[in-house]
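Scroll down for the structure; my scribbles are underneath it.
Since every read-out is calculated from the coordinates, none of them should be taken as a lab result. In this text, all values refer to a predicted model and were calculated from it rather than measured experimentally. In this analysis, Cβ positions are derived from the backbone assuming ideal geometry, glycine residues included, and neighbour counts consider all displayed protein chains.
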Amino acid sequence: MINKEKEEYFKKLLTRNLLELFGQANKIILSSAEFEDRAADFLDIASLESNVAVFYRITERQARLISKVKRTLEKIETGEFGICEECGDEISEQRLMVRPVADLCIDCKRAKEVMERHKGL
Ligand SMILES: [Zn+2]
């Protein structure tokens, strides 16, 4: 089970990811202090969802990533973080460390990949 301490860790990690994505989008490099200062602004802007791509001229891929990171942050708030969306099992901490935005456990992820491969044939 993901404990409070770990939740905080992932929350910080994901917030930083989000800010980095915006940073990339803007091609600006902010110092750590600036990151912290502007975090609230960025998160506010991120909530404008549909307008964000326009404002920041970000790529579709970045926009997708941003919404994924945002959703994961919401999951931390609602206590759904680390739970597989497919089977309801816990996603291993090891997997979350590598990929904090993972929404499927490794078994479901593999099963999905196999299915998608079959579809592609
Ligand atoms: Zn699963």
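Annotations
- Residues whose amide H falls under 5 Å from that of Ile83, counting only those 5 or more places apart or on a different chain, are Ile91, with hydrogens built in the peptide plane.
- Label-point gap, in nm, between Lys12 and Glu113 - each point 7 angstrom along Cα→Cβ: 3.1 nm
- Exposure proxy for Ile83, Ile66: other Cβ atoms within 10 Å of each Cβ, ordered fewest to most, give Ile83, Ile66.
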